[in-house]
Amino acid sequence: MKKILKRIALFVLLTPVVLLVLVSSAYGIYALLAVGGESTPHQAYLQQHKQEVNLQAAAPAFPIFDSAFYQKQIFFLGEAHGTAAPQALDFALLQHLNQRVGLRHYMAEVDYSQAYFLNQYLRTGEERHLQTVFQFWAKNNAQWGNQNFYDKIKKIRALNGTLPETQRIQILGVDKLQDLETTHLFLKQTLAQLPQRTLQDSALTKLRQVVSADTLDTEALSSQAAQMLPSLTNDSSALALPTAAKFDLQHTLQNIAYVDVKTRRDSVMYLNLNSVVKAQHLEHAKLYGMWGLFHTLPVELQRGVPFAYYLQGKNSPFRGKTVSIGVYTLDSENMMPAASLPAFLSKGQRYVNSTMANNDGPMVFVNGIKDLRVASRENSITLFKTDAPDSPYRASSRLASIKVLFPNQSIDFAGENPRITQVFQYVCLVRNSPALTPLPLL
């Protein structure tokens with residue numbers, strides 16, 4: 001009997017240890033396979049097709065970009081939010097494209113109302129407009145609520161001050177509605193600017209009643225949006241609205257309706273872009289923006305359809321006119337919202353800086369990332385061209401596989417044999433970047 005009890009006790013004691021060893025071994029094997037080894041041909045190619053970006057220059061140059069790059073209409077920089085260096089690179093690319101191809105529209109990952117207030121800041125310099133937008137992110141501990149992004153908008157205004165009015169940059173907002181309070185304020189201001197005669201005896205009267213309240217009744221606004229959208233086309237008073245104001249109302253109410261029917265976010269981005277481009281006569285304008293990596297992928301994925309893939313649709317006016325630059329990170333910190341982390345890691349903080357999101361593990365794995373490490377220096381931002389005629393990436397899946405140990409976060413193509421050249425004609429490796437700096441609560 002004693003022997004049996006001893007065996008049971010030993011089994012109970014050793015089982016957790018054995019399980020830990022097995023799990024650790026399985027994780028180690030998975031990580032090795034997910035990251036992959038080094039490839040001499042790929043490293044030799046990367047050494048010949050790279051550019052280290054000097055962000056200290058007054059106007060950074062980008063000799064790595066070929067003529068085909070500049071012929072595109074829409075330029076994406078895709079990144080995993082949370083690291084500081086991409087914000088600086090984003091401004092450098094915006095400044096460069098403004099100078100090189102006359103690009104004037106920064107297509108930010110913001111909604112139409114947020115873009116309105118950001119543009120108000122760019123026009124007037126009054127920071128209350130910036131605060132209107134950023135206070136939402138700060139209150140919700142979103143990664144966009146960071147000092148780096150805030151300062152970047154101020155740098156765009158400073159850049160505009162050096163440019164002729166016809167070359168100044170403005171923000172284009174095409175994201176699905178993010179902040180109802182900002183939308184509420186935008187509708188208030190839009191209605192306040194309309195002639196009084198258009199607000200009487202029309203469908204606009206009920207909208208004004210809902211919008212004029214200090215506290216937004218979201219259900220009433222949603223109901224009114226559904227009722228008003230047909231009226232904005234047919235109502236005689238609505239037809240007399242100034243063209244710009246009419247579009248502002250139609251577009252905003254349509255986006256409220258999108259929220260109510262739970263239309264997919266990236267689908268809304270595509271619909272919004274088409275609407276805004278048509279309304280502002282931007283059919284041939286160059287557009288640039290930094291977005292979350294998922295949205296910039298021009299391929300269909302197993303977990304959804306990205307914004308950039310909609311742009312490649314058969315009937316899309318932007319088909320064949322987009323280019324995406326993907327950002328990978330090594331040895332860098334990421335500002336992560338603490339609410340998404342276990343309590344023992346968050347420790348009551350708004351954000352936690354972590355190195356877990358780097359692309360060589362322990363949570364994110366990019367196959368072939370070791371080659372980028374070999375071909376770059378510490379404390380650097382390096383651009384690589386993936387699709388030159390002699391590129392080995394045309395025939396391999398290296399850099400095209402992104403595995404994430406969070407549910408529904410991995411990048412898995414819907415088709416077989418993915419190629420990075422199908423996704424990113426250029427990739428950027430960020431090394432040793434600090435995390436973003438949280439914006440203080442306003």
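The values are calculated or read from the model by the stated rules, or taken from the named source; none is laboratory data. None of the values given here were measured: they were computed from a predicted structure. All Cβ positions, glycine included, derive from the backbone under ideal geometry; neighbour counts span all protein chains shown. Surface accessibility is based on the protein's heavy atoms, side chains included, excluding ligands, DNA and RNA. Shrake-Rupley method; radii C 1.70, N 1.55, O 1.52, S 1.80 Å.
Brief remarks on what is shown
- Scanning region 149-166 for residues that are open to solvent by less than 40 Å² (accessible area, probe 1.4 Å) and touching a residue at least 60 places away in the same chain (Cβ under 8 Å) yields F149, Y150, K152, I156, L159, L163.
- Of all the residues in region 27-71, those that are in a helix (DSSP H, G or I), at pLDDT below 95, open to solvent by less than 60 Å² (accessible area, probe 1.4 Å) and farther than 16 Å from L372 by Cα number 2.
To keep it simple, each residue is scored yes or no on (1) modelled with pLDDT under 95; (2) open to solvent by less than 30 Å² (accessible area, probe 1.4 Å); (3) under 20 Å from G36 (Cα atoms); (4) in contact with a Leu (Cβ under 8 Å, 6 or more places away or on another chain).
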site: K314; (1), (2), (3), (4): yes, no, no, no
site: F318; (1), (2), (3), (4): no, yes, no, yes
site: V327; (1), (2), (3), (4): no, yes, yes, yes
site: L330; (1), (2), (3), (4): no, yes, yes, yes
site: A339; (1), (2), (3), (4): yes, no, no, no
site: F344; (1), (2), (3), (4): yes, no, no, no
site: Q349; (1), (2), (3), (4): yes, no, no, no
site: N353; (1), (2), (3), (4): yes, no, no, no
site: D371; (1), (2), (3), (4): no, yes, yes, yes
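- When N417, N408 are screened for being in contact (Cβ under 8 Å) with a residue 60 or more places away in the chain, over 30 Å from T132 (Cα atoms) and either assigned to a loop (DSSP other than H, G, I, E, B) or open to solvent by 40 Å² or more (accessible area, probe 1.4 Å) (or both), only N408 passes.
- Pairing residues of region 107-125 that are farther than 14 Å from Q178 by Cα with residues that are open to solvent by 30 Å² or more (accessible area, probe 1.4 Å) and not polar (S, T, N, Q), at Cβ distances under 6 Å and at least 6 apart in sequence or on separate chains, gives L122/R157.
- Taken together, the criteria exclude N141 from residues that are open to solvent by 30 Å² or more (accessible area, probe 1.4 Å), closer than 23 Å to T296 by Cβ and in contact (Cβ under 8 Å) with a residue 60 or more places away in the chain.
- Filter pass, D360 being open to solvent by 10 Å² or more (accessible area, probe 1.4 Å) and at positive phi: no
- Among the residues of region 273-302, those identified as part of a loop (DSSP other than H, G, I, E, B) and farther than 17 Å from D111 by Cβ are H281, L282, E283, H284, A285, K286, L297, P298, V299, E300, Q302.
- Residue check for A357: farther than 17 Å from L293 by Cβ, aliphatic (A, V, I, L, M) and out of contact with any Cys (no Cβ under 9 Å at 6 or more places or on another chain): no
- Number of positions in region 167-195 that are free of Cβ contacts under 8 Å to residues at least 12 places away in the same chain and crowded, with 17+ Cβ neighbours inside 10 Å: 0
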